[in-house]
Amino acid sequence: LFEKNTLKSSELIEMMMILANLCVSQTLSQSITKYLSRYHETPDKHALKDLNIFMNLNDLATIREKQVTSNSFNELLKHCKCPEKKKLLSNAILRILPKAKYSNVEAGHFGLNLPLYCHFTSPIRRYAATHPPMRIDVVLLQPPKIEYSVMGKPVSDWTAEEAAQLNPLAFIKV
């Protein structure tokens, strides 16, 4: 057995993957395209009771059922000063998280405390993991839904003659 050391480069990659997943989920949620997303529900009261037993045995603060958020778990970890207990607590928290589920309803990500999230960067081990990459491909190939206008008139309504008479320098702000 050996202790795994987390490199700064690994943390950077992890943060970039989270950002990519967040960007893709925002893009998909703003389109009419539905997509499957993997999510974790809030831990149930029995799992929380088990966690609190562990916390009591290790002289750590407990958490009430109404306080269960990813932020409250992060606060518990932040206040735990002993590195060995912190590692145990982190593992105990991870173990009480319910098994992930798939849905086409946006449920966010409990552990990361994000309102939108999809597993765009996850390894493709299940069919559902192929869904966000396929959906983003469809969305990106669609024409933008933004209507551009010049002088109060939609660009799509301008004739070639009208557009030719425009002075493009008139629209540049210095």
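Miscellaneous remarks
- Length gained on full extension, Arg64 to Lys85: 5.6 nm, using 0.36 nm per residue less the C-alpha separation.
- Dipole magnitude (debye, nearest 20) for the stretch 1-112, charges at Cβ of Lys, Arg, Asp, Glu: 100
- Estimated at the nearest 10 Å², the accessible area of Glu84 is 120 Å² with a 1.4 Å probe.
- For His119, nonlocal amide neighbours, meaning residues 5 or more places apart or on other chains whose placed amide H falls under 5 Å from its own, are Arg38.
- Reciprocal of mean inverse Cα separation for the stretch 55-99 (Kirkwood radius, Å): 10.9
- For the stretch 41-52, putting each phi into the Karplus relation 6.51 cos²θ - 1.76 cosθ + 1.60 with θ = phi - 60° gives couplings of 7, 5, x, 7, 5, 5, 5, 5, 4, 4, 4, 5 Hz, in residue order, rounded to whole numbers and with x for Gly and Pro.
- Solvent exposure, largest accessible area first (probe 1.4 Å, DNA, RNA and ligands not counted), of Thr62, Thr6: Thr6, Thr62
- Average silhouette area of the stretch 16-134, convex hull of alpha-carbon atoms, in square nanometres: 8.2
- Based on protein heavy atoms only, the stretch 1-80 ends up with 73 Å² per residue of surface accessible to a 1.4 Å probe.
The values are calculated or read from the model by the stated rules, or taken from the named source; none is laboratory data. What you see is a predicted model; the values in this text were computed from it and never measured. Reconstructed Cβ throughout: ideal geometry from the backbone, glycine too, with neighbour counts over all protein chains shown. The accessibility values were calculated without ligands, DNA or RNA, using every heavy atom of the protein model including side chains. Shrake-Rupley method; radii C 1.70, N 1.55, O 1.52, S 1.80 Å.
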